[in-house]
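Each reported figure results from applying straightforward, stated rules to the coordinates on display, with no laboratory input. Bear in mind that the values here come from a model prediction, so they are computed numbers and not experimental data. Cβ atoms come from the backbone with ideal geometry, glycine included; neighbour counts cover every protein chain shown.
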Amino acid sequence: MSTTAYETGRIGLLLIDTVNEIFSEDGKGYPKFKDEFDRIGTFANIKRLLAGVRAQGCPVFFAPMSYTESDYTTWKHLSGIHREMYDDRMFEAGSWGAQFHPELSPHPNEVVISPHKNIDVMANTDLDVQLRQHNVEYLAIGGMIGTMCVESTARSAMERGYHVTTFTDATAAAGGRAAYDAMILRFPMISHATLSVDEFLADIRKAKG
């Protein structure tokens, strides 16, 4: 049972890359994660997480990824993940793939962070200032990919002084079950709570009283 004490009015949810490229069956990245999505229940869990957080009145922040033609053709130093995405033109700006999945998309009053192009969303977007402007101290992070963007952003947020929550069931790893198991072992070292969606929702309801 979770014993995390959240402070009501200061809790926010960040969802990373809840876009068609990853979560729609026709997305270029979907086949890489389908088996783990099915095993974990990732899609349904994120939907339940999003609905539960909205019901408690907590702010939600959406962090999409996208690349322009200039990015694809002029970047000098490409990491392995960039080469993989660039070769298949994943997350192309303005494309269907880079759009939010219809069931995991922002409401009009929710914040869409400027598109990130590297793994750490905190590093080169307006995420930090948006969180501070919305009085968020307790940051829960879900979405994709657990072993890349989620993990890197959690580390960065922790180092900036946020209370960070990661999830066991609102993400998935690149590399299947073995990678997932290793990720779940690392999450408690870089975050202040690693919970299931149900545990987190119970905690924030308790905080609100």
Could I have the simple spin-label model distance between residue 74 and residue 86, label points 7 Å from Cα toward Cβ, reported in nm to one decimal? 1.3
Of all chymotrypsin sites (Phe, Trp or Tyr not before Pro) in the stretch 92-152, which ones are in loop regions per DSSP and have a Cβ with at most 13 other Cβ atoms within 10 Å? 96
Tell me the relative contact order for the chain as a rounded percent, counting alpha carbon contacts under 8 Å between residues six or more apart. 30
Express in whole angstrom the spacing between the alpha-carbon centres of the stretch 7-59 and the stretch 151-169. 16
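Kindly flag which residue pairs out of 32/117; 34/206; 28/117 have an alpha-carbon separation exceeding 22 Å in this structure. Spell out each step's value before the answer.
Working: 32/117 20 Å; 34/206 34 Å; 28/117 17 Å.
Table pairs above 22 Å Cα-Cα are 34/206.
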Which length gain, in nm to one decimal place, applies between residue 192 and residue 159 when the Cα-Cα distance is subtracted from 0.36 nm times their residue separation? 10.7 nm
Applied in sequence order to the stretch 87-95, the curve 6.51 cos²θ - 1.76 cosθ + 1.60 (Karplus, θ = phi - 60°) yields integer Hz couplings, x standing for Gly and Pro, of 4, 10, 6, 6, 6, 5, 3, x, 8
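What's the longest uninterrupted piece of the chain once you rule out the GluC sites (Glu not before Pro) that are loop residues per DSSP with at most 15 other Cβ within 10 Å? Could you put the intermediate results ahead of the total?
Numbers: sites that count: 7, 25, 110, 137.
Value returned for the longest uninterrupted segment is 26-109.
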Residue 56 versus residue 25: modelled label distance in nm, points set 7 Å from Cα along the beta carbon direction: 3.3
Using amide H atoms built 1.01 Å from N in the peptide plane, name the residues 5+ places from residue 61, or on other chains, whose amide H lies under 5 Å from its own. 13, 14, 15
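Going by a ≥ b ≥ c, the root eigenvalues of the Cα gyration tensor, does the stretch 74-188 fall in the rounded group (a/c under 1.5), the prolate group (a/b larger than b/c) or the oblate group?
Working: a/c = 1.45, a/b = 1.10, b/c = 1.31.
Rounded.
Mind giving me the FRET efficiency for residue 137 and residue 182? R0 is 25 Å, r the Cβ-Cβ distance, nearest 0.05 is fine. Don't skip to the answer; put the middle values down first.
Details: r = 29 Å, r/R0 = 1.15.
Here the calculated transfer efficiency is 0.30.
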